[in-house]
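Working notes for the structure below.
The numbers here are math on the coordinates, done by the rules we state, and not lab data. All values reported here derive from a predicted model rather than from experimental measurement. Glycine also receives a Cβ, built like all others from the backbone with ideal geometry; neighbour counts cover every protein chain displayed.
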Amino acid sequence: MNNFWQEFNTPVFSLAPMEDVTDTVFREIVMGMAAPQKLHIVFTEFTSVEGMNHPVGRKRVAERLIVNTSEQELLKKLGVKLVAQIWGSDPEIYHNIAKYITKNYNFDGIDINMGCPVKKVFKIGACSALIGDPERAKEIVLATKEATHLPVSVKTRTGIKEHITENWIANLLEVDPAAIILHGRTQRMQSEGDACWDEIAKAVKLKNSLKPHIPVHGNGDVFSYQQGIDRVKQTGVNGVMIGRGIFQNPWFFNPEKTEITKDERIEKLLQHTRLFEHTWGGIKNFNILKRFYKIYLNSFPGAAKLRADLMEVKDYPEVYKYFNS
């Protein structure tokens, strides 16, 4: 197995998997704005193994794994790794879908979602619920690893109702995942409160004593590149994953670019819209784009009015007409 997670010589920065956010379009946009060697890994949206295993439902679920040719070219040019993130609760189905993905796609790795805190997902025993079922969690990792030559990482949290970081991470280390990405919150915390980087530091200390070759990356409340570097120094993590920080600044991975003009923001919004239309026109709901408009249109006079106006548009032509009028 070629474990790219162990090949980096500098602190690793990644863009977190996010539903209805990190599709092929947004990944390409973010990579296009990144400075060289500031973004190392990107992830797909969450992909259900049960959905992929269903002969009827597979086509729709597989939309999460689409990679545009233009994104493929950019990944190669920049040397960024692309990881498919999968979720579910059945080890056998994980095995089947890991084998299917390996055969039919060209990803650099597979990541198992053991962190999503959403209640309806938790109730069916998937994602963060697996923290409470460590034996099944280990079965899932082993079953996935058996099905692929790709490195299999795990993204998870520090506990369910309370932090059980050391016990939980010790369980995961037993099955040698390629890497562990740890969000410094419990399932119950959802996205509330402060991410607990002291807990992430505990995980680093534990893996250093038990399995020092396994990288641990931290996730939670990192809103600038420098803050990420500081977290690396403070905790000893091998890398930092960025989630909501990208919404505050889509240029997150270009830390030298501190001044972004109104024209640059509008240009990026229009580029995103055209690429989204080209990729998803007639497939995905146009209104998904509006969450992105909010992140481009800020920090300049009149931004609030532009945001408000664009929340009222109904289709692609209206967006293009608005900025050409």
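For the stretch 227-278, which GluC sites (Glu not before Pro) pass both filters: DSSP loop (anything but H, G, I, E, B) and at most 13 other C-beta atoms within 10 Å?
Here the sparse-neighbourhood loop sites are 256, 259.
Per-residue HN-Hα couplings for the stretch 103-115, Karplus 6.51 cos²θ - 1.76 cosθ + 1.60 at θ = phi - 60°, whole Hz, x for Gly and Pro?
Those phi angles translate into 6, 9, 10, 10, 7, 8, x, 10, 10, 9, 7, 10, x Hz.
Taking the number of other C-beta atoms within 10 Å as the exposure measure, put 241, 18 in order starting with the fewest.
Arranged by neighbour count, lowest to highest, 241, 18 become 18, 241.
Between residue 315 and residue 102, 0.36 nm times their residue separation minus their Cα-Cα distance comes to what?
73.0 nm is the gain from fully extending residue 315 to residue 102.
Using the basic label-point model (7 angstrom from Cα toward the beta carbon), what is the residue 247 to residue 35 distance in nanometres?
Once both label points are built, they end up 2.6 nm from each other.
Could you give the angle, 0 to 90 degrees to the nearest 10, between helix 69-78's Cα long axis and the longest principal axis of the Cα atoms of the chain?
70
Tell me, which cysteines of the chain are without a disulfide-compatible partner by the Cβ under 4.7 Å rule?
Singleton cysteines: 196.
Of the listed peptides 196-203, 315-322, what is their order by residue-averaged count of other C-beta atoms within 10 Å, with the highest listed first?
The peptides rank, most packed first, as 196-203, 315-322.
Using the Cα centre of the chain as origin and beta-carbon charges of +1 (Lys, Arg) and -1 (Asp, Glu), tell me which of 49, 253, 266 is placed farthest towards the positive end of the dipole.
Farthest along the dipole direction, towards plus: 266.
Using amide H atoms built 1.01 Å from N in the peptide plane, name the residues 5+ places from residue 81, or on other chains, whose amide H lies under 5 Å from its own.
41, 42
7 Å from Cα along Cα→Cβ at both residue 124 and residue 270: what's the point-to-point distance in nm?
4.2
Considering only the other residues whose Cβ falls under 14 Å of the Cβ of residue 301, what net charge follows from Lys and Arg at +1 and Asp and Glu at -1?
Charge balance near residue 301 sits at +3.
Which whole number in µm²/s is D for the stretch 1-140 by Stokes-Einstein, with the Kirkwood Rh taken over Cα pairs at 4 °C and 1.567 mPa s?
82
Go through 293, 187, 102 and say which Cα lies farthest out towards the positive end of the charge dipole of the chain; charges sit on Cβ, +1 for Lys and Arg, -1 for Asp and Glu.
293
For the stretch 89-141, which GluC sites (Glu not before Pro) pass both filters: DSSP loop (anything but H, G, I, E, B) and at most 14 other C-beta atoms within 10 Å?
none
How far apart, in nm, are the 7 Å Cα→Cβ label points at residue 3 and residue 92?
3.0
Pairs of Cα atoms under 8 Å, at least six residues apart: use those to get the relative contact order of the chain, whole percent.
Across the chain, relative contact order equals 16 percent.
Using a Förster distance of 25 angstrom, determine the FRET efficiency expected from the C-beta separation of residue 188 and residue 19, and round it to 0.05.
Calculated transfer efficiency: 0.80.
In square nanometres and to one decimal, what's the mean projected area of the convex hull around the Cα atoms of the stretch 262-324?
For the Cα atoms of the stretch 262-324, the hull's average projected area reads 3.9 nm².
Quick check: residue separation of residue 205 and residue 233 times 0.36 nm, minus the Cα distance between them. What number comes out in nm?
Residue separation times 0.36 nm, minus the Cα-Cα distance, leaves 8.7 nm.
Treating only the Cβ atoms of Lys and Arg (+1) and Asp and Glu (-1) as charged, compute the dipole magnitude of the chain about its Cα centre; round to the nearest 20 debye.
I would put it at about 280 debye.
Counting helices only, and only those DSSP H runs with n ≥ 4, report the 222 nm mean residue ellipticity of the chain as the sum of -39,500 (n - 2.57) divided by its residues, in deg cm²/dmol to the nearest 500.
Estimated from H runs of four or more residues: -12500 deg cm²/dmol.
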